[in-house]
Amino acid sequence: MTGATEPLLVTREGGVVHLTFNRPEVLNALNLPLAAAFRDECLKLAGDPSVRVVVLKGAGRGFMAGGDIAVMRQDPVANAGALIETMHEGLQALAGMAAPVLASLHGVVAGGGLGVALAADLAIAAEGTKFNLAYANIGTSCDCSNSWSLPRLVGLRKALEIALLSDTFDAQEALRLGLLNRVVPGDRLAEETDAIARRLAAGAPLALGNLKRLMRESLGRSFPEQLEAERQAFLQCAATRDFAEGTGAFLEKRPPKYEGR
């Protein structure tokens, strides 16, 4: 685990890696050191086949309030440009890695923080969590994948409402819109996050990675192209020991034990 004063805390339990944004005094607002640490860690994890799950969290009272406005105001174009480029490199690595990414949300999820949460594969939030795209409120458009993720998750009309009006909405509304998978009481967030992470980590890595890739790439393909991608991915899985284990466990009515081979 990195030191408690580091902008990004990294802990690992077996194949589960927890990345915790650690600027709690400013609701984990993004500055360049935090963005660089996030990017570097994501690139490292994307190249590590032993990583089964990545969990994103925020220290203190919230997940993330977006970019650090005080920093950006000092030299808006240069500072924002460096911050966005760095965060986007990290988010691309997260989206492209085989391991599922789980966002565990509480408190405030705003601006770039919402983009980071939506870039994850799954998201769970504590009751009382507040969401706001926020960019229109400070006179700018969005970054951190928001314009890619929102229309795909909620549809174009609702995405435009969330972006243009920048109203705050709660976890139950986020769940209704499809931005979240689950909402749990605040005192159970860590427990429920760990339960989902352990369940994902116990899965067959190639199968989960192929499922993630197929889903993420599907909107950019024609129907015949997607069918061919499905065929290739299935046959790739079928050649593994994990497939033999999974089918054997099913027939023998026992839990499978996947090894990632």
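Once a ≥ b ≥ c are taken as the square roots of the eigenvalues of the Cα gyration tensor of the chain, is the result rounded (a/c under 1.5), prolate (a/b larger than b/c) or oblate (a/b not larger than b/c)?
On the way: a/c = 1.75, a/b = 1.54, b/c = 1.13.
Because a/c hits 1.5 or more and a/b exceeds b/c, the chain counts as prolate.
Take the alpha carbon atoms of segment 184-223, find their center, do the same for segment 127-180, and report the distance between the two centers in whole angstrom.
Cα centroid of segment 184-223 versus Cα centroid of segment 127-180: 21 Å apart.
How far is it, in nm, from the label point at Glu13 to the one at Ala239 when both lie 7 Å from their Cα along the line to the Cβ?
In this crude spin-label approximation the distance works out to 3.6 nm.
Quick one: if you stick a label point 7 Å off each Cα along the C-beta vector at Ala249 and Ala229, how many nm between them?
2.7
Could you point to the residue in Asn210, Phe169, Gly60 farthest towards the positive end of the chain's charge dipole, with +1 and -1 charges on the Cβ of Lys/Arg and Asp/Glu respectively?
So the residue we want is Asn210.
Using Cα pairs under 8 angstrom and six or more residues apart, how large is the relative contact order of the chain, in percent?
Values: 463 pairs, mean separation 39.8, N = 261.
Here the relative contact order equals 15 percent.
Which angle between 0 and 90 degrees, to the nearest 10, do you get for helix 189-201 versus the longest principal axis of the chain when only C-alpha atoms count?
Relative to the chain, helix 189-201 is tipped by roughly 40 degrees.
When a/c is below 1.5 the answer is rounded, else prolate if a/b is larger than b/c, else oblate, so apply that to segment 68-223 with a ≥ b ≥ c taken from the square roots of the Cα gyration tensor eigenvalues.
On the way: a/c = 1.57, a/b = 1.29, b/c = 1.21.
Prolate.
For segment 91-154, what value does the Rg/Rh ratio take when both radii are computed over Cα atoms and Rh is the Kirkwood radius, given to two decimals?
Values: Rg = 11.9 Å, Rh = 12.3 Å.
Looking at segment 91-154, the ratio lands at 0.97.
Place +1 on the Cβ of every Lys and Arg and -1 on the Cβ of every Asp and Glu in segment 8-201, take the dipole about the Cα centre, and give the residue among Gly113, Ala201, Ala78 whose Cα lies farthest towards its positive end.
Ala201
Can you give me the convex hull volume of the Cα atoms of segment 9-61, divided per residue and expressed in Å³? Spell out each step's value before the answer.
Details: hull volume 3.3 nm³, N = 53.
Per residue, the Cα convex hull of segment 9-61 comes to 61 Å³.
If you restrict to DSSP beta bridges whose two residues both lie in the chain, what percentage is antiparallel, to the nearest 5?
Just about 30 percent of them are antiparallel.
Over the chain, with a Gaussian network built from C-alpha contacts below 10 Å, which listed residue (Lys57, Lys44, Lys130) shows the highest mean-square fluctuation?
Among Lys57, Lys44, Lys130, the largest GNM mean-square fluctuation belongs to Lys44.
Enumerate the calculated ³J(HN,Hα) couplings along segment 233-241 in order (Karplus 6.51 cos²θ - 1.76 cosθ + 1.60, θ = phi - 60°), each rounded to whole Hz, writing x wherever the residue is Gly or Pro.
Once θ is set to phi - 60°, the couplings for segment 233-241 become 5, 4, 5, 4, 5, 4, 7, 9, 5 Hz.
List the residues, sorted by chain then number, that are 5 or more residues from Gly67 or on another chain and whose placed amide H is less than 5 Å from its amide H.
Leu30, Gly112, Gly113
In segment 8-201, if the dipole is taken from +1 on Lys/Arg beta carbons and -1 on Asp/Glu beta carbons about the Cα centre, which of Asn22, Ile138, Met97 is farthest to the positive end?
Met97
Quote the FRET efficiency, to the nearest 0.05, computed for Arg157 versus Asp40 with a Förster distance R0 of 35 Å and r equal to the Cβ-Cβ distance. Walk me through the numbers on the way to the answer.
Details: r = 38 Å, r/R0 = 1.08.
With R0 = 35 Å, the Cβ-Cβ based efficiency is 0.40.
What is segment 204-255 by shape, rounded, prolate or oblate, if you read a ≥ b ≥ c off the alpha carbon gyration tensor as root eigenvalues and call it rounded for a/c under 1.5, prolate for a/b larger than b/c, and oblate otherwise? The partial results should precede the final answer.
Values: a/c = 2.92, a/b = 2.46, b/c = 1.19.
Prolate is the answer for segment 204-255, as a/c is 1.5 or above and a/b outweighs b/c.
Quick one: angle between helix 205-217 and the longest Cα principal axis of the chain, in degrees between 0 and 90, rounded to 10, please.
The answer is roughly 50 degrees.
Ordered by residue, what ³J(HN,Hα) values in Hz, to whole numbers, does segment 32-49 give under the Karplus form 6.51 cos²θ - 1.76 cosθ + 1.60, where θ = phi - 60° and Gly and Pro are x?
5, x, 5, 4, 5, 5, 5, 4, 4, 5, 5, 5, 5, 5, 4, x, 10, x
Just rank Leu122, Leu180, fewest to most, by other beta-carbon atoms within 10 angstrom.
Leu122, Leu180
What is the set of long-range amide H partners of Ala123 at a cut-off below 5 Å, with H atoms built 1.01 Å from backbone N?
For Ala123, the qualifying residues are Ala103, Asn181, Arg182.
I want to verify a result. In a Gaussian network model of the chain, Cα cutoff 10 Å, which of these has the top mean-square fluctuation: Asn146, Asn22, Asn79?
Asn79
So how do Ile84, Ile162, Ile69 line up by other beta-carbon neighbours within 10 Å, fewest first?
On the way: Ile84 17, Ile162 21, Ile69 13.
With the fewest neighbours first, Ile84, Ile162, Ile69 line up as Ile69, Ile84, Ile162.
Taking the Cα centre of the chain as origin, work out the dipole magnitude from +1 charges on Lys and Arg Cβ and -1 charges on Asp and Glu Cβ, in debye rounded to 20. Please report the intermediate quantities before stating the final value.
Details: 27 positive and 29 negative charges, 120 e Å.
In debye, rounded to 20, the chain gives about 580.
Against the longest principal axis of the chain, how steep is helix 156-165, in degrees 0 to 90 to the nearest 10, with axes from Cα atoms?
Approximately 30 degrees, to the nearest ten.
Values in this text are rule-based calculations from the coordinates and carry no lab data. All figures in this text were calculated on a predicted structure; none of them were measured in a lab. Positions of Cβ are backbone-derived with ideal geometry, glycine not excepted, and every protein chain shown enters the neighbour counts.
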